[in-house]
1. Within a Cβ distance under 12 Å of residue 128, other residues only, what is the Lys/Arg minus Asp/Glu net charge?
2. Of all the Cα-Cα pairs you can form in segment 1-136, what percent are over 18 Å apart?
3. Write down the radius of gyration of segment 23-94 and its Dmax, each obtained from C-alpha positions, in Å.
4. Trypsin sites (Lys or Arg not before Pro), restricted to segment 48-133: which are DSSP loop and have at most 12 other Cβ atoms within 10 Å?
5. Work through the residues other than residue 92 whose Cβ is under 13 Å from its Cβ and net out their charges, Lys, Arg +1 and Asp, Glu -1.
6. So, R0 is 22 Å and r is the distance between the beta-carbons of residue 80 and residue 110; what FRET efficiency does that work out to, to 0.05?
7. At 222 nm, what helix-only mean residue ellipticity would the chain give, in deg cm²/dmol to the nearest 500, using -39500 (n - 2.57) for each DSSP H run of four or more?
8. Once you've got the GNM for the chain with C-alpha springs shorter than 10 Å, pick whichever of 24, 54, 14 has the biggest mean-square fluctuation.
Amino acid sequence: MPFTRQNGFSVIELMVVVAIVAILAALAFPSFQASIRSNRVATTSNEVLASLSLARTEAIKGVGVAGVCPSSNGTSCSSTTDWAGGWMVWRTDATGAGTVQTPVRYIQAKDGADITGPADGVSFTVQGRVDGTATQFGVKPKGVDTPARCVSVNVTGQARVTQEACS
């Protein structure tokens, strides 16, 4: 039986390829971390923006005032400027016992992002305007200052996101 050579990789060739892949992964990892941080900030700021839009829509329906406030349990508002525990969209309902805040949606904040906003939250009138003054929400990654985003709500109730820290 004649001897035939098998085609394939030797152990040395495989080890060289693994070493090259490890070096390339080590070079790409820091850049990937920045991408993850940026993605977390964008996701969180979009969730804040969606919550504000939902609250404004609930208010415009004409049932009563609606708003967004910091909440750690999803059933009641808490008085803190740190929204990292989550926030709640609420609306007021008129009942026989008076006006009651009814939770519409609770958003639990994601790890990896710091959120700051007004301690009393934001409320909208039935015309869709902010009940009070314009306000801002700051969103940044935990432990670092950039990339940061600012979600601002003007007195007419329109919200927008800018890719910078709040001033």
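Readers should treat all values here as calculations from the given coordinates under stated rules, not as data from a laboratory. None of these values were measured; they are calculated from a predicted model. Cβ coordinates were reconstructed from backbone atoms using ideal geometry, including for glycine residues, and neighbour counts include every protein chain displayed.
1. Numbers: positive: 56, 61, 129; negative: 58, 131.
Surrounding charge for residue 128 is +1.
2. Working: 6020 of 9180 pairs.
Here the long-distance tail beyond 18 Å is 66 percent of all Cα pairs in segment 1-136.
3. Spelled out, the Cα radius of gyration and Dmax of segment 23-94 are 17.8, 64 Å.
4. Details: sites: 56, 61, 91, 105, 110, 129; in loops: 61, 110, 129.
Here the sparse-neighbourhood loop sites are 61.
5. Details: positive: 61, 91; negative: 58, 93, 131.
So the surrounding residues net to -1.
6. Working: r = 18 Å, r/R0 = 0.80.
Step by step, r from the Cβ atoms, then E = 0.80.
7. Values: 1 runs with 50 residues, N = 167.
One gets -11000 deg cm²/dmol as the mean residue ellipticity at 222 nm.
8. Looking only at 24, 54, 14, the biggest GNM fluctuation is shown by 14.
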